[in-house]
Amino acid sequence: MAEFKYIPQSEIFNCSVELSGAKKFYVLDGKPMGFSAKDGLIEIPSEGDLLTQVIFVRTTPHPSSYKVRILCPAGSSRAVILCAHTTGTDRYVTEESVEIAMEENSNLSLIVMQNENGASSHHSTFEISQKGSSSVSMNIITLHGGNIANRVNCNLNGKRAEAHLSGLYLAGGEQNIDTTVNMRHNSGECTSNQLFKGILGGNARTSFKGEVYVAKDSQKTEAYQANNNLLISDTARAISDPHLVIYADDVKCSHGSTVGSLADEELFYMRSRGISEPEAKLLQQQAFAGAVLEKISNIEIRERLSRLVERRLRGEDTLCTGCAKRCC
Amino acid sequence: MENLLEIKNLHAKIGEKEILKGINLTIKPGEVHAIMGRNGSGKSTLSAVLAGNQNYTVTEGSINYLGKDLLKMSPEERSWAGIFLGFQYPVEIPGVTNVNFMKTAVNEHRKQNNLPPLSAAEYLKMMREKMAYVEMDPSFSSRGVNVGFSGGEKKRNEIFQMAMLSPRLAILDETDSGLDVDALRIVANGVNRLKREDNAFVVITHYQRLLDYIVPDIVHVLYKGKIVKTAGKELAAEVEKHGYEEFEK
Ligand SMILES: Nc1ncnc2c1ncn2[C@@H]1O[C@H](COP(=O)(O)OP(=O)(O)OP(=O)(O)O)[C@@H](O)[C@H]1O
Ligand SMILES: [Mg+2]
């Protein structure tokens, strides 16, 4: 990963590269713009078949703390992307809690994109509760930030519920990114999948703590958990601590974690074909990140995020092609 | 004609172990050299040193390539200058597709020659053409580099890459091992099609069989890190018949 200089986003935040089929909303320092919050709770609007894009922007240095809720009624299918940004170089402190309530047979595709300045601190808790046969797929892509902590508590409360969680964190400089996943199989016949990957450069510190809990009567559970970290510098440190707590006996569960560096053999092979060292390293990092990006089902978002990840890894500013502003 | 490559008194070690113990070898454009020798005699070590593998340390001697000090060049600089190594054990790179890999390589070569990168269509055309050289199915292009390729498919992929980069000096390290008879012919044809007056090949092999297809001008026998015999193509047949015992003195 090349040294990256975070470029603050424009004062008046307005993304000019629209996602197709999306309805966009803004939340400025915890205040929703043009849509209401009841009892201090920001309800993510549902726009039928449209993708709901909610852009959270920090503009003032006061700490901001807010609550968000995503409701998925029975049988519904929703797609939501939440983006977090900062507009300046101030130290923004954000406390966010996101409640996700999934009724029977509901379906949610959720993407969380985080791109904040290196001085800011952002703590998010995602509290997911799932009824029978509901399915969530969640991708957390952390491009940049100072001190980021993401906690996901996922409760599989009804039979045949599914949770597919993945995340990619890119940490350089003095960044600190913590991920905690608490996957609770409270009911049988549920499936959960976790794939979290990190690329670390500079003096970055990251941690992944994951627990899969399978209750006593949750038979026929399938639960997988993996955390892989790629260290690009000698001074970066990744902690990985996945574990399983299983009380049922008829289950398929596995977990694994790795912390490694770039493979020398691969690098030499690529360089022997004339691929310069930095480019060869970049290809390896992209390949590493690819496994998470591949899980994003919306092709447009996947391509856009892949480009942003590439730019981030190259140390270029994360600017969409065709955009004059420096938002995401 | 000017020499393409001049190796003089080359000594190289890995860790504390000296493996090459004074290699002398001169290669002229248009020539095909074969190197034979027992397992462990240092054939792959020599190719690795030529390609710039930093796991090996050169302790003595020199390598001159087209008037330049090869040992001062990085692996990618050597590739840009026209050196190609066909690996005995091609490396798998999960997550990097064959097409992305070779496209990046070809475009970096073009950049060195101040040429603009190929468009997707131009690249595809070139790739299809070169894949046909080695009768490789285009579906391989979307797979991870060498990932899950059979032994023979990996070797074909090496020759495909060689065709894409069209080198001045190609070192093929046991490209024939693990190939069935048809694949052997295909690979040999690929090499023969790429032969020009201004380029040269070093073919490392254990078998006369390959040399029936790719006829060498000069055959060397490597023994314990030294070239102990150099002769014409008849030497390969001799080795095949009598083994290496006579060189062990
Ligand atoms: N990392 C290493 N540490 C110690 N010895 C090594 C190492 N790598 C290679 N060698 C030794 O160097 C010697 C030469 O190996 P090399 O691969 O060059 O042989 P080769 O002639 O290509 O053999 P083959 O015909 O089996 O491919 C061998 O004895 C090998 O064991
Ligand atoms: Mg060998």
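The values are calculated or read from the model by the stated rules, or taken from the named source; none is laboratory data. Treat the numbers as computed from the prediction; the structure is a model and nothing was measured. All Cβ positions, even for glycine, are placed from backbone atoms using ideal geometry, and neighbour counts span all protein chains on display. These accessible areas exclude ligands, DNA and RNA; they are computed on the full protein's heavy atoms, side chains included. Shrake-Rupley method; radii C 1.70, N 1.55, O 1.52, S 1.80 Å.
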Note to self: What is the percent carbon and sulfur in the accessible area of chain B, measuring with a 1.4 Å probe over the protein chains and ignoring ligands?
What the structure shows: 48
Notebook entry, point to check: When each pair of different Cα atoms in segment A:188-258 is counted once in the 1/r mean, what is the Kirkwood radius in angstroms, to one decimal?
Noted result: 13.1
Next item on the list: Sequence neighbours fewer than 8 away in the same chain don't count; with that in mind, list the lysines whose C-alpha is under 25 Å from A:Lys24.
Entry: A:Lys38, A:Lys67, A:Lys295, A:Lys325
Notebook entry, point to check: Averaged per residue, what accessible area in Å² does the protein assembly as shown show with a 1.4 Å probe, protein chains only?
Noted result: 42
Notebook entry, point to check: Along segment A:175-189, what does the Karplus equation 6.51 cos²θ - 1.76 cosθ + 1.60 (θ = phi - 60°) give for ³J(HN,Hα), rounded to whole Hz, x for Gly and Pro?
Noted result: 5, 9, 10, 10, 10, 10, 10, 10, 9, 10, 8, 8, 9, x, 6
Notebook entry, point to check: Under a 5 Å amide H to amide H cut-off, with H placed in plane at 1.01 Å, what residues pair with A:Phe25 once short-range neighbours are removed?
Noted result: A:Gln53, A:Val54, A:Ile55
Margin query: What are the ³J(HN,Hα) couplings of segment B:198-206, residue after residue, when phi is run through the Karplus curve with 6.51, -1.76, 1.60 and θ = phi - 60°? Round to Hz, x for glycine and proline.
Written below: 9, 10, 9, 10, 10, 10, 9, 8, 9
Notebook entry, point to check: Among all the lysines, which ones have a C-alpha under 21 Å from B:Lys68's C-alpha, if same-chain residues fewer than 8 places away are not counted?
Noted result: B:Lys8, B:Lys28, B:Lys111
Next item on the list: Show the residues, 5+ positions off or on another chain, whose built amide H is closer than 5 Å to the amide H of A:Gln219.
Entry: A:Gly188, A:Glu189
Check: Not counting the cut sites, what is the longest span of chain A without chymotrypsin sites (Phe, Trp or Tyr not before Pro) that DSSP labels loop and that have at most 14 other Cβ atoms within 10 Å?
Finding: A:36-246
Check: Normalized C-alpha radius of gyration of segment A:14-105, against 2.2 N^0.38 Å?
Finding: 1.13
Checklist line | Cut-off of 10 Å, at most 13 other beta carbons, DSSP loop: longest stretch of chain A lacking such trypsin sites (Lys or Arg not before Pro) | finding: A:6-215
Item checked: Rounded to whole Å, sorted largest first: equivalent-ellipsoid semi-axes of chain A, Cα gyration tensor -> 30, 27, 17
Notebook entry, point to check: Farthest toward the dipole's positive end in segment B:5-247, which of B:Leu165, B:Val134, B:Tyr244, given Cβ charges of +1 (Lys, Arg) and -1 (Asp, Glu) about the Cα centre?
Noted result: B:Leu165
Note to self: Given the DSSP H assignment, sum -39500 (n - 2.57) over each helix run of at least 4 residues in chain A and divide by its residue total; what's the result at 222 nm in deg cm²/dmol, nearest 500?
What the structure shows: -4000 deg cm²/dmol
Check: Using modelled amide H (1.01 Å from N, peptide plane; none on Pro or chain starts), what sits under 5 Å from the amide H of A:Phe35, excluding residues fewer than 5 places away?
Finding: none
Checklist line | Within chain B, helix-based [θ] at 222 nm, where runs of 4 or more DSSP H residues each add -39,500 (n - 2.57), nearest 500 | finding: -10500 deg cm²/dmol
Next item on the list: Can you find, among B:Gly61, B:Thr45, B:Gly148, the residue farthest towards the positive end of the dipole of segment B:5-247? Put +1 on the C-beta of Lys and Arg, -1 on that of Asp and Glu.
Entry: B:Gly61
Check: Share of Cα-Cα pairs in chain B beyond 25 Å, in percent?
Finding: 42
Note to self: Placing unit charges on C-beta atoms (Lys and Arg positive, Asp and Glu negative, everything else neutral), compute the dipole magnitude of the protein assembly as shown about its Cα centre in debye, rounded to 20.
What the structure shows: 500
Check: Which of these, B:Val134, B:Val228, B:Val32, has the largest mean-square fluctuation under a Gaussian network model of chain B (Cα springs below 10 Å)?
Finding: B:Val228
Notebook entry, point to check: For segment A:90-137, which GluC sites (Glu not before Pro) are in a loop by DSSP, counting at most 10 other Cβ atoms within 10 Å?
Noted result: none
Next item on the list: Calculate the mean, over all residues of peptide A:226-233, of how many other protein chain Cβ atoms lie within 10 angstrom of the residue's Cβ.
Entry: 0
Check: With the solvent-accessible surface defined on protein heavy atoms using a 1.4 Å probe, which residues belonging to segment B:55-80 display a reduction of at least 40 Å² in accessible area in the multichain context relative to the isolated chain?
Finding: B:Pro75, B:Glu76
Item checked: Accessible area buried between chains B and A, both sides summed, probe 1.4 Å, in Å² to nearest 100 -> 1900
Notebook entry, point to check: How many percent of the accessible area of chain A is carbon or sulfur, using a 1.4 Å probe?
Noted result: 47
Checklist line | Gyration tensor verdict on segment A:191-328 (Cα atoms; rounded if a/c is under 1.5, prolate if a/b is larger than b/c, oblate otherwise) | finding: prolate
Notebook entry, point to check: Which residue, A:Gly202, A:Gly40, A:Gly158, has the most motion in a Gaussian network model of chain A that connects Cα atoms within less than 10 Å?
Noted result: A:Gly40
Notebook entry, point to check: With springs only between Cα atoms under 10 Å, which of B:Lys226, B:Lys111, B:Lys195 fluctuates most in a Gaussian network model of chain B?
Noted result: B:Lys111
Notebook entry, point to check: For segment A:22-261, what is the relative contact order in percent, using Cα pairs closer than 8 Å and at least 6 residues apart in sequence?
Noted result: 12
Next item on the list: Report, ordered by chain and residue number, the aspartates and glutamates lying within cross-link reach of A:Lys209, taken as a straight Cα distance under 14 Å and ignoring same-chain residues fewer than 8 apart.
Entry: A:Asp178, A:Asp241
Margin query: Under the rule a/c < 1.5 gives rounded, and otherwise a/b versus b/c splits prolate from oblate, where does segment B:96-212 land using the Cα gyration tensor?
Written below: oblate
Next item on the list: Filter the GluC sites (Glu not before Pro) in segment B:1-83 to those in DSSP coil with at most 14 other Cβ atoms within 10 Å of their Cβ, and list the result.
Entry: B:Glu2, B:Glu16
Checklist line | In order through segment A:52-62: 3J(HN,Hα) via Karplus (6.51 cos²θ - 1.76 cosθ + 1.60), integer Hz, x for Gly, Pro | finding: 8, 10, 10, 9, 9, 10, 9, 10, 10, x, 5
Checklist line | Area accessible to solvent at B:Ile35, 1.4 Å probe radius, in Å² | finding: 10
Notebook entry, point to check: Of all the Cα-Cα pairs you can form in the protein assembly as shown, what percent are over 35 Å apart?
Noted result: 49
